[in-house]
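Take a look at the structure below.
The values are calculated or read from the model by the stated rules, or taken from the named source; none is laboratory data. Worth saying up front: this structure is predicted, and the values here are computed from it rather than measured. Don't worry about glycine lacking a Cβ; one is built from the backbone with ideal geometry, like all the others, and counts go over all protein chains shown. The protein model used for the area step is the full one, side chains on, heavy atoms only, and it has no ligands, DNA or RNA in it. Shrake-Rupley method; radii C 1.70, N 1.55, O 1.52, S 1.80 Å.
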Amino acid sequence: MQAYILRETIISMIINAAFSLAFFLAVFGHGAAVPVWGIGAYAFDALPQSIAIAAMSTLVPGAIALKKRRSGALRVAPQARTSQPFLPHNLWLRAAVLALLSAVLGGLFNSVALLVLGLAQLPWWPALIAKLAYGAALAGIVTPIALRAALRG
């Protein structure tokens, strides 16, 4: 089961980095410096990015895991039945809880990091790389948590 979770987490990280790229280009364009503060700016963008990544990192791998469990293609280890007891059993509710937690914690993390930098705008390439890294890292955190919850008995 650990190998399954690791494989699905890596896939989720790659997909969410790609989504982060697409949305970064759609929101901030190409090449110009990126404003940091204000509605629609870089710091604010951490909120919808966190929500979307956490939701996708919960819903897609969770639905696939549930389908595999029901078909018998994936067996659940007995110890998995006690993991993640704080998360709801319902996939949609679990996605909502993880998305909300990710928005709060991710928004706070991004805001503090940007406050420490003290910049009004970020150069385009570093802003893009940071968004890709954040998207992949958040998927790397949320996906295994969500999958363990989906695979509990």
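Quick check on my filter: what residues within region 109-133 are part of a helix (DSSP H, G or I) and open to solvent by less than 30 Å² (accessible area, probe 1.4 Å)? Outline the logic, then answer.
Of region 109-133, the ones part of a helix (DSSP H, G or I) are 109-117, 124-133.
Residues satisfying the conditions are 110, 114, 124, 127, 128, 131.
Determine whether residue 27 is closer than 14 Å to residue 131 by Cβ, open to solvent by 20 Å² or more (accessible area, probe 1.4 Å) and assigned to a helix (DSSP H, G or I). Yes: the conditions hold for residue 27.
In region 34-49, the residue that is most open to solvent (accessible area, probe 1.4 Å) out of those that are of a type outside the set (Phe, Trp, Tyr) and outside any helix (DSSP H, G or I) is 39. Look at (1) at pLDDT 90 or above; (2) open to solvent by 30 Å² or more (accessible area, probe 1.4 Å) and you find that residue 79 fails only one, number (1). Scanning region 50-76 for residues that are among the hydroxyl-bearing types (Ser, Thr, Tyr) and open to solvent by 50 Å² or more (accessible area, probe 1.4 Å) returns a single hit, 71.
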